[in-house]
Amino acid sequence: TDKEKEGKQFHEDVLYPLDAGEIVLRFHIQYMNEIKNSLNEKNIWENKIRFVKSDESSEMLSVKMKLIGDGERKSIVILCSNISGNINFEEKLKETESKLNSILSGSHELICSTNLSGKIEFANSEFTKVLGYSNEEILETNLLDLIDPDFISAKQLYFNKLLDEFNNAEIPLLKSSDKITFVSAKFVTVRDSEGKAKYHNAIFLNKTEQ
């Protein structure tokens, strides 16, 4: 299989001419004792180990050891799987999330995400700062509850109508002080691969301060 080929290439490039027993012997004695204790207690040990290649790059392996046999005939079966691709993907995902959080926290726009019913599930720091609510208060609120009641009454507004008819329109939001701030609204519906709506993003540009 491809994974077997990948493992063979890794063995020839990094471990040859060492066998598994010689590699294990190169573990730090304290670390080796931890492995032995785990094998004696549970008959199994597993962990992730980074091996440095001859060109000083590295590969991450998932290593599993199992104790088999009885008495003096005990043996250790070692299974190694190259998980470098998974680790790299996770690291890139964390880096992307970090960049996204940095953008959201540094934005001058009021940004929030709601479920399909309009309940707010995320709000950036500018959103809570401008409207004067705590993050806890915002996350217990429906987006419609932050719109001026007179505006809702006059427009006979409900959530789906807000999304459909007031995209790129100016709407009045209520601050915690009961004062009103006017914002330009942009709504984006996030959908799954089959086109089914998952949640909504709302982006508001504060017009009152312009």
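Quick note: the coordinates plus some simple rules give every number you see, no bench work behind them. Just so it is clear, the model here is predicted, and its values are computed rather than measured. Neighbour counts run over all protein chains shown; Cβ positions are idealised from the backbone, glycine included.
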Please give the FRET efficiency for Ser153 paired with Ser84, using the beta carbon to beta carbon distance and R0 = 45 Å, rounded to the nearest 0.05.
-> 0.15
DSSP loop chymotrypsin sites (Phe, Trp or Tyr not before Pro) in region 166-210 with at most 14 other Cβ atoms within 10 Å of their Cβ, which ones?
-> none
In the neighbourhood of Lys119 defined by beta carbon distances under 15 Å, the net charge of the other residues (Lys, Arg +1; Asp, Glu -1) is -4
What one gets for region 113-210 as the Kirkwood radius, inverse of mean 1/r over different Cα pairs in Å, is 13.8
If r is the Cβ-Cβ distance from Asn37 to Met60 and R0 is 30 Å, what FRET efficiency results, to the nearest 0.05?
-> 0.80
Theoretical FRET efficiency, 1/(1+(r/R0)^6), r = Cβ-Cβ of Glu137 and Thr208, R0 22 Å, to 0.05 = 0.60
For region 117-202, listing GluC sites (Glu not before Pro) in a DSSP loop whose Cβ sees at most 16 other Cβ atoms within 10 Å gives Glu140, Glu194
Trypsin sites (Lys or Arg not before Pro) within region 150-189, DSSP loop, no more than 14 other Cβ atoms inside 10 Å = Lys175, Lys179
